[in-house]
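Okay, structure first, notes after.
The values are calculated or read from the model by the stated rules, or taken from the named source; none is laboratory data. A quick note: this is a predicted structure, and the numbers were derived from the prediction, not measured. All Cβ positions, glycine included, derive from the backbone under ideal geometry; neighbour counts span all protein chains shown. Side chains are part of the model used for accessible areas, which takes the heavy atoms of the whole protein and leaves out ligands, DNA and RNA. Shrake-Rupley method; radii C 1.70, N 1.55, O 1.52, S 1.80 Å.
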Amino acid sequence: MISYHVHTIVPVTSQPITDAYVSCKNGIIQSISKNKPNGKIVGIDGVLYPGLINAHTHLEFSDLKKPLGVPGTPFTDWIKLVMEYRTSRDQERLHTSITKGLAESESHGVSAIGDISTFEYRDSIVPATAEAVVFRELIGFQAAQADSQMKIAEDHLSEPESNWYRPALSPHAPYSTNKKILDQAIQLSHKRKIPLAMHLAETREELELLASHSGPFFDLLNQIGVWEKNNLTDLTKPLDFLQRLSCASRALVVHGNYLNNKELQFISENRDILHLVFCPRTHAFFQHDRYPLEEILKRDIPIAIGTDSRASNPDLSIWDELQHIASKFPEISPHNILKMGTINSAKALGVDKHFGSIEVGKRAAFFLPPKAKNMLFSGASY
Ligand SMILES: [Zn+2]
């Protein structure tokens, strides 16, 4: 047993506690108490938080030193840069990127990650201390691509779970995924009790494609020769996707930058299944309209947080995402902001049994921020 004597413990799911002890054995929290326990004690002069959770990233871009494009790059131009970058790298470079991304996440105090992956890496990466829910990307706008994508999905789900790697699926986005692929992924999610993650309502251009089969996405799909009108005949708005996704076992709705009130209400009513994920600094990079965070919180939607990848963000720090929210939405309480990057994101990924708060029985996974960066969330301002 080892105990930490901490200036302030912020469990997130209960009130902060000062001058207290948290005792751990075999990596599991045994007690949190004001009373001095027996055994070895280590002093911590700071504020102790649960390990942070990154609900959405693409670790394969972790080798990028800076985002692709410049702030405000039109989204479809950025997609072209991503496609170019993807084809420029070999398998070894991809593995290096994943390893780098895991190590960087751990250095930022992240304990669990929702990673969107385009290849299998369970056996080729040195096991990390952070857990990864690995959402295998399923992509292809044409119906003819459905069978090969489902083979990829089945193969991925046959990867055995390990203590750090949990397989899941990601039908990529409305502008890149055939509805056959989406529907079959939803069936698999239901049958196998695994989460899905889908990018949705990320840009105005995506809404334009759905509503009127026009705009930059329509041009891009035509340009690469994959446009199929039938794919979007009964999928004309994000709500149509949300209704389908609500039949999954659990689904992460990634971004949702342009969801309307009706769609947010639908998420609120299905909040046990649908988990909205906000990527604050990526949102800022693309210079989107103000994120509807007030509307979301008004509807009691427990929003989760992701960094997205280094292709649109300078780093993989969830703590910096939370600081960014605090600076843009000063009316939101530090407690609510903290929940986003801890317990809400853990629930979205389905890892809240082990992570997301400091509680007896959970993993001894903690985050101790550097003092200079701790101003907003100290016990006093909680
Ligand atoms: Zn993403």
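Quick look at the numbers
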read-out: More than 15 Å apart - percent of Cα-Cα pairs taken over the range 186-278; value: 61
read-out: Residues whose placed amide H lies under 5 Å from that of Ile44, excluding near-sequence neighbours; value: His5, Val6, His7
read-out: Note, ³J(HN,Hα) from phi for the range 135-150, Karplus 6.51, -1.76, 1.60, rounded to Hz, x at Gly and Pro; value: 8, 6, 6, 10, 9, x, 7, 9, 4, 4, 8, 4, 4, 5, 5, 5
read-out: Size of charge dipole - the range 139-253 - debye, nearest 20, with Cβ of Lys, Arg +1 and Asp, Glu -1, no other charges; value: 400
read-out: Volume per residue of the C-alpha convex hull in the chain, rounded to whole Å³; value: 131
read-out: Surface share of carbon and sulfur [accessible, 1.4 angstrom probe, percent] for the chain; value: 52
read-out: Above-threshold pairs, the threshold being 31 Å between Cα atoms, out of Lys100/Lys229; Lys339/Lys371; Lys328/Lys371; Lys65/Lys328; Lys80/Lys191; Lys40/Lys353; value: Lys100/Lys229; Lys80/Lys191
read-out: Given charges at beta-carbon only (K, R positive; D, E negative), |dipole| of the range 52-355 in Debye; value: 360
read-out: Dipole of the chain, positive direction: furthest Cα of His288, Thr307, Thr203, with charges on the beta-carbon; value: Thr307
read-out: Accessible area, probe 1.4 Å, largest first, for residues Asp219, Asp155, Asp315, Asp272; value: Asp272, Asp219, Asp155, Asp315
read-out: Values of log10 I(q)/I(0), in the order q = 0.21 Å⁻¹, for the range 51-174 under a Debye, Cα-only, solvent-free model; value: -1.36
read-out: Amide H contacts of Ala55 (H built 1.01 Å from N, under 5 Å, at least 5 apart or other chain); value: Gly114, Ile305, Gly306, Thr307
read-out: The chain, relative contact order in percent, only Cα pairs under 8 angstrom and at least six apart counted; value: 23
read-out: Folded to 0 to 90 degrees: helix 91-107 orientation relative to the chain principal axis, Cα; value: 40
read-out: J(HN,Hα) series, the range 213-226, from Karplus relation 6.51 cos²θ - 1.76 cosθ + 1.60, nearest Hz, glycine and proline x; value: 6, 8, x, x, 5, 4, 5, 5, 5, 5, 4, 8, x, 10
read-out: FRET efficiency, Thr96 to Lys151 (Cβ-Cβ, R0 30 Å, nearest 0.05); value: 0.65
read-out: Size of the range 117-205 as Cα extents on the principal axes (Å, biggest first); value: 38, 28, 23
read-out: Angstrom value of the Kirkwood radius, inverse mean 1/r, which spans all Cα pairs in the range 62-104; value: 11.4
read-out: Surface per residue (accessible, 1.4 Å probe) for the chain, Å²; value: 41
read-out: Residues whose placed amide H lies under 5 Å from that of Leu274, excluding near-sequence neighbours; value: Ala251
read-out: Overall Cα dimensions of the range 274-326, principal axis frame, Å, largest first; value: 31, 22, 20
